[in-house]
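Worksheet for the structure shown next.
Values in this text are rule-based calculations from the coordinates and carry no lab data. It should be emphasised that the depicted structure is a prediction, and the values quoted were computed from it without experimental measurement. Note that we place each Cβ from the backbone using ideal geometry, even for glycine, and neighbour counts take in every protein chain shown.
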Amino acid sequence: MVVADTDAAPLENPTTHRVLGPGVWLVVGVGAAAVGFLPWIITGMRLPLQNLWDSPTPPEDMPIGLLPFSQYSITLIAGILVVGSALAGLVARAAHRRRDRRRLLALVAGTLGVQVVAIAYTATVVGSGLRPGNESTIYLAAIVAVAVASFATSTGVLFLVAVCPGAGALIGLAVAAVASGWWLDALVVPVPWAVSDTQVAILGVLHWAPAVLSGIAIAWCGVASAGRIVAAVATIAILVVGPAVATAVSSAAGTRVLARYPAEMAGYTMQVFAQALTSSELTLRPVVTALVVAVIGLAVGGALRRGYSR
């Protein structure tokens, strides 16, 4: 009679504990960044017409650019980079039990590497096509500065969402929620001068997306500690200040007559910013929406936890 060895380790399915290698995480990071570029990809990725282009060129003959470098596309540049990083951060956070430092670094390298290449390549293409002169140099430097600032923001969002505790992750998600509004608008209306009634209707619904996403993020994080309460308040502030800053900067950058007068442009930017902060459409409505969604989410989450504990 053979007695089974009860102390022997049970047979395991070799695929049960399979962990994806760094190479796969690198590809995932590249994929997340590529999703961020989707609103620009569907346009064909030809650079917008440039006021300072060296020679008259029709839109269909403009060179390919990996980012829409233009003073009229500031928010889209930010949306592309931040949304891609936020997606990568969410993947890393969801798979935190299956990743280590090497895999996280591979994901980060894939995501941010794509964005760095896009900025560098587009800056080179635009720089080679602008007519010589100080005005072109200043223009290119300003657009590159916008892209670099957007990249810095996207990097912060990636790390906040991927590895930080709840309060830090909420801040990253709050920034991503604001950027998602610009990203979704461009995805629905890739060609601003050809908008259908259906697209207008969809935009009306998507107008609420940043506030709804901010409320969901607050509900996910919770308000069980002082740090999380502060993060929730900061989320509401970001929801208000972010669009106001974007409106002010975009308005000033799109006003060519002020391009040669930095002081007047700065004054105009602050004026538009102040007006945006007093607009109920940009402040009161999003705040109320986010708070309502957060309260409902917190209530539902609390009810579900009580149900599971019984």
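Below are the figures for this structure:
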quantity	calculated
Gain in span if fully extended, SER128 to ALA145, counting 0.36 nm per residue against the direct Cα distance	4.4 nm
Tail weight of P(r) past 14 Å, computed on alpha-carbon pairs of the range 165-222, percent	57 percent
Cβ-based charge dipole, the range 22-309, positive-most Cα from ALA174, ILE119, TRP220	TRP220
FRET efficiency, VAL205 to ASP100 (Cβ-Cβ, R0 41 Å, nearest 0.05)	0.50
Computed log₁₀ I(q)/I(0) - Debye formula, equal Cα scatterers, no solvent, the range 22-309, q 0.08 Å⁻¹	-0.37
Square roots of 5 times each gyration tensor eigenvalue, C-alpha, the range 38-136, largest first, Å	34, 13, 10
Label point distance in nm, VAL35-ALA224, each placed 7 Å from Cα along Cα→Cβ	2.7 nm
Long-range tail of P(r) for the range 173-310 (Cα pairs > 17 Å, %)	67 percent
Ranking of ILE119, ILE296, ILE202 by count of other Cβ atoms within 10 Å, fewest first	ILE296, ILE202, ILE119
Contact order normalised by residue count of the chain, Cα under 8 Å, 6+ apart, percent	19 percent
Between 0 and 90°, nearest 10: helix 262-277 axis offset from the chain longest Cα axis	50 degrees
Global form of the range 185-251, assessed from the alpha-carbon gyration tensor, a/c cut-off 1.5	oblate
